[in-house]
Every structure is written in C-alpha cells, then in structure tokens.
Amino acid sequence: MQHIIDRFISYVVIDTESDANSETTPSTKKQWDLANKLVEELKTIGMQDVSIDDKSYIMATLPSNVAHDVPTIGFISHFDTSPDFCGANVKPQIVPNYDGKDIVLNADKNIILSPNYFKDLLLYKGQTLITTDGTTLLGADDKAGITEIVTAMEFLIKNPEIKHGKIRIGFTPDEEIGRGAHHFDVEKFGADWAYTMDGSQVGELEYENFNAAGAKITFKGKSVHPGYAKGKMINSMLIANNFLNELPSGETPEETKGYEGFFHVHHLTGSIEETVLELIIRDHNKKKFEKRKELIEKITKKINKKFAKQFGEDIVTAEIKDQYYNMKEKVLPVKHIVDIAEKAMKEIGIKPLIKPIRGGTDGSQLSYKGLPCPNIFAGGHNFHGKYEYVPAESMQKAVEVIVKIAELTALEVAVKK
C-alpha cells in the first residue's frame, strides 16, 4: 500500500488548479506539469499507445491478453483540481492507524478535522488517512482516481495470469470547471463503455447525476448623491437582493439532499451602478430542471417590468447556459455495465452504494457523446477544501475494483460464448 501512497503524493504536490475565467485548454499552463509526468509514467509501467494531444488529453492502451473477442472498456479520471480552494503548495499529512479522534491539521491556525463534525471519519478507524495541512485542498478529487487507474494497470501488466480484454485509459484537464469532456475524442478512445473513477466513499456506484446549468445575472443601477437621491437613485445591489428573495426558500445546497434540486449562488459582486450575481441550477428531474430555468426568466421579467418606466430599459439581464445532463438516460439502455461494476465490488467484499451523484463528472458529458460512463468511488471525502482526506485503504480497494471489472468483462464474454 505504500506504493499507492507514494504515487498519490507525487501527484498532489503538483499544482493543477483550473481556471474558469481562462479560454484556453487546459485552462492553466501548470496542468501540463502533471500531464507530462503521467505520460512518462504510463510509458514506464509498460502501457501501449500512450498519447497526449495539444490540449493535454492523455490516452493509453493495455492490450487484451485473451484470444476471444471482449468489449473494450475504459477508465477515466481528471488531473485538475478545483479553483474553489487553494491547490498550490499542497503538503499532505499521513495519519497511520487513525484512532477515531480529532486530527490537528494545523496547530498554528487551530484547524481541526473532527469526527464530531465529519462523522464519516469514524468509518476509517485503524486505517491510514492522508489529509491536508489545513491551508490547501488535498487533490484526491481526482488524483486519487488517477493513482488507482495507473496502479491497476501496473498490477495487470505485472500479473498477466489475470485475463482481460483491451483496456483504454484517459486523463483529462478542466473537469472541475465543467470542460473535462469538451475536447475528449470518444472515437479515438475507442471503448464500448467506460467508468470514471471520481466518486467519494468506498462502494459508491453512480449512473444518475444532476441536470446542470449556470446563470449570470446582471443588475443595472443609477448612482446619485445619497443626500439628493429620492426618486432618482437605483441601487443595483438592492435589486439583486430582491431577486434572491424571489428564489424559493430551502432550495440551496446546504438544505437539500438525495434527488432534491437547488439554486446555488456562488459569486456576488456589486456597486450601486452594477451588480453581477452568478449561480448554478441543479436538478435530477428534467422537467423540474426546466422549471428552475423558467423561474429565473420569470423573476427577471418581473423586475424589468417594475423598473421599466423609471430606468427606461431592461434593468436586469439573465444569461443561462446548460452545462450537462443526467447520464441515466444514456446508461439505462446498457445497464449491464453498471451490473458488472456492482458484481465486481461484491466479489471483493464491498457493499455497493448505488445512489445519484449530487454533482457531475466527465462521465455525464461523455455518456451524451456516445460513451456510456458510470462513476465509481475514488475514496476521498470533503472535496474542494481544507478538510479533504482520503484513506489509503480506499484507494487500494478502488484498484481492486478496476482489476475485477476487467477480469469479469473478459470472463462473462467467455462464459456466454
């Protein structure tokens, strides 16, 4: 297991934070640092057809070692980290034989990872945890997934007695800003189906995700000396506040779970003359998703009507862009690919946790591009922040799941023949 820990740490110390404001792919030059390292590592362990394109998408092949025809399967992870929290100068801490008590991440800043707040920690008593130092995220999302895929491929190469068909692997940039699959060449990848290793807790197996959209709403105003402002000043920040008050209460990320959708305001900047509000819209149900977008438009029209005479033009503009859709529609017709992953987990003693993703992965977009792609756990918890951690044993389990899926795919085809 030390081999997995060392590999994971070698990845997370490389800063690969993506940037939604950039128009390039990858969105940050520093993502190339890990991408180029991965290419050399894949060649070193013996992978074939290792390639990296001009946008840093990496692909490689593990050839089949069986005589009969087997579907080509793929495993995919992303190497960027979220811009929601600092991803530079990551200093991982190793907590061996976790005792179930508080973990001091940073004594100087009194940053504590506590099971009193993060109850999932108690699932991992006695295991080896990898945490942050309290000043950055860790990057288990999704460098744990990359670690697991590379380690599984290395294991299969070193153990040719384990029979498998052709396996393709892919590593992508910019998943955290919703662009991970934008330039993914599904035809070049050439797999019948694939799995993203991008979930959280051991056992997670997901083939449903949110329908997702982003909205940028701009409010205009008129600045006048406050002493003489009556009937003249229009404060765009207050209009933005009125807009927010029109959204349904209780439908925010912190107040919803399971299949419940939400509106999430993630940026708000303003002055009297102009305020910009950015939010995301999420719902598993397509009809409810459309109604959420319609509500944004309805509130916009209501405010514009109210200020039409005073302002003389639209005072609010709303730009809404769809980001990705629920992969369930594309995976259900080939549900056997989920069944194989479920069987693989059961055969190595893992209880499958089949549930909807309250988010999205590259797999959601890839499924709509013709590559059905359920999501499997990578093992980490508390992504995108200083309390992120991953048990080394969870990464080991994920490696075993990848190997077993490859084995079962070849075996089941052989049995059917």
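The values are calculated or read from the model by the stated rules, or taken from the named source; none is laboratory data. Computed from a predicted model, the values in this text were never measured in an experiment. A quick note on method: Cβ atoms are made from the backbone with ideal geometry, for glycine too, and the neighbour counts reach across all protein chains shown. To get the accessible areas, we keep the full protein, side chains included, count just its heavy atoms, and leave off ligands, DNA and RNA. Shrake-Rupley method; radii C 1.70, N 1.55, O 1.52, S 1.80 Å.
Do the conditions hold for Phe189, that is, is it open to solvent by less than 20 Å² (accessible area, probe 1.4 Å), of a type outside the set (Ser, Thr, Tyr) and farther than 22 Å from Glu329 by Cα?
Numbers: open to solvent by less than 20 Å² (accessible area, probe 1.4 Å): yes; of a type outside the set (Ser, Thr, Tyr): yes; farther than 22 Å from Glu329 by Cα: no.
Considered against the rule, which asks whether it is open to solvent by less than 20 Å² (accessible area, probe 1.4 Å), of a type outside the set (Ser, Thr, Tyr) and farther than 22 Å from Glu329 by Cα, Phe189 comes out as no.
Would you confirm, using the coordinates I've provided, whether Asp15 is on the phi > 0 side of the Ramachandran plot and either touching a residue at least 60 places away in the same chain (Cβ under 8 Å) or open to solvent by 20 Å² or more (accessible area, probe 1.4 Å) (or both)?
Working: on the phi > 0 side of the Ramachandran plot: no; either touching a residue at least 60 places away in the same chain (Cβ under 8 Å) or open to solvent by 20 Å² or more (accessible area, probe 1.4 Å) (or both): yes.
Spelling it out, it is not the case that Asp15 is on the phi > 0 side of the Ramachandran plot and either touching a residue at least 60 places away in the same chain (Cβ under 8 Å) or open to solvent by 20 Å² or more (accessible area, probe 1.4 Å) (or both).
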*Out of segment 272-296, which residues are touching a helix residue (DSSP H, G or I) at 6+ places or on another chain (Cβ under 7 Å) and either closer than 25 Å to Gly363 by Cα or part of a loop (DSSP other than H, G, I, E, B) (or both)?*
Ile272, Glu273, Ile281, Asp283
*Which numbered condition Pro352 misses (of (1) in contact (Cβ under 8 Å) with a residue 24 or more places away in the chain; (2) open to solvent by 30 Å² or more (accessible area, probe 1.4 Å); (3) more than 30 Å from Asn241 (Cβ to Cβ))*: (2)
*Taking the options Leu244, Leu238, name whichever one is free of Cβ contacts under 8 Å to residues at least 24 places away in the same chain, part of a helix (DSSP H, G or I), surrounded by 14 or more Cβ atoms within 10 Å (Cβ to Cβ) and at negative phi.*
Leu238
*Search segment 361-380 for residues that are aromatic (Phe, Trp, Tyr) and pair each with any residue that is surrounded by fewer than 24 Cβ atoms within 10 Å (Cβ to Cβ) and not in a loop (DSSP other than H, G, I, E, B) when their beta-carbon atoms are under 7 Å apart and the residues are at least 6 apart or on different chains.*
Tyr368/Lys330; Phe377/Glu204
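Condition test on Ile299, is it modelled with pLDDT of 95 or more and assigned to a strand (DSSP E or B)? It would help to see each step written out before you state the result.
On the way: modelled with pLDDT of 95 or more: yes; assigned to a strand (DSSP E or B): no.
No.
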*Could you say whether any residue in segment 107-127 is open to solvent by less than 40 Å² (accessible area, probe 1.4 Å), on the phi > 0 side of the Ramachandran plot and more than 18 Å from the chain's Cα centre (by Cα)?*
no
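Quick check on segment 124-140. Is at least one of its residues more than 22 Å from Phe377 (Cβ to Cβ) and part of a helix (DSSP H, G or I)?
Taking segment 124-140 and keeping what is more than 22 Å from Phe377 (Cβ to Cβ), we get 133-136.
Those left that are additionally part of a helix (DSSP H, G or I): none.
For segment 124-140, residues more than 22 Å from Phe377 (Cβ to Cβ) and part of a helix (DSSP H, G or I): absent.
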*Considering only segment 217-235, state which residues are more than 40 Å from the chain's Cα centre (by Cα), part of a loop (DSSP other than H, G, I, E, B) and in contact (Cβ under 8 Å) with a residue 40 or more places away in the chain.*
Ser223
*Of all strands (runs of 3 or more DSSP E) completely enclosed by segment 166-216, which ones contain at least 2 residues that are closer than 15 Å to Phe377 by Cβ?*
193-199, 204-206
*Among the strands (runs of 3 or more DSSP E) contained in segment 305-417, which hold 2 or more residues that are farther than 30 Å from Ile94 by Cα and modelled with pLDDT of 95 or more?*
316-324
*Find all pairs meeting these conditions: Cβ atoms under 7 angstrom apart; at least six residues apart or on different chains; first residue within segment 95-119 and under 23 Å from Met1 (Cα atoms) and of a type in the set (Gly, Ala, Ser); second residue open to solvent by 80 Å² or more (accessible area, probe 1.4 Å) and modelled with pLDDT of 95 or more.*
Gly100/Leu122; Gly100/Lys125
*Given the conditions (1) open to solvent by 20 Å² or more (accessible area, probe 1.4 Å); (2) assigned to a loop (DSSP other than H, G, I, E, B); (3) of a type in the set (Phe, Trp, Tyr), and given that Phe155 satisfies all but one, which numbered condition is not satisfied?*
(2)
*Quickly run through segment 247-263 and pick out the residues that are within 27 Å of Lys328 (Cα to Cα) and open to solvent by 80 Å² or more (accessible area, probe 1.4 Å).*
Glu254, Glu255, Lys257, Tyr259, Glu260
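Regarding segment 386-396, can at least one residue be identified that is aromatic (Phe, Trp, Tyr) and in contact with a Lys or Arg (Cβ under 9 Å, 6 or more places away or on another chain)? Even if it seems obvious, please write down each step before you answer.
Here is the first cut: in segment 386-396, the ones aromatic (Phe, Trp, Tyr) are 387, 389.
When the remaining residues are screened for being in contact with a Lys or Arg (Cβ under 9 Å, 6 or more places away or on another chain), the result is none.
No, that holds for no residue.
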*Quick one: which of Lys306, Lys298, Lys286 is surrounded by fewer than 14 Cβ atoms within 10 Å (Cβ to Cβ), over 15 Å from Asn326 (Cβ atoms) and either touching a residue at least 24 places away in the same chain (Cβ under 8 Å) or not hydrophobic (A, V, I, L, M, F, W, C) (or both)?*
Lys298
*Pairs where the first residue, in segment 18-33, is touching a residue at least 60 places away in the same chain (Cβ under 8 Å) and the second is among the aliphatic types (A, V, I, L, M), C-beta under 8 Å, 6+ apart*: Ser18/Ile177; Asp19/Ile177; Ala20/Ile177; Pro26/Ala35; Ser27/Ala20; Ser27/Ile177
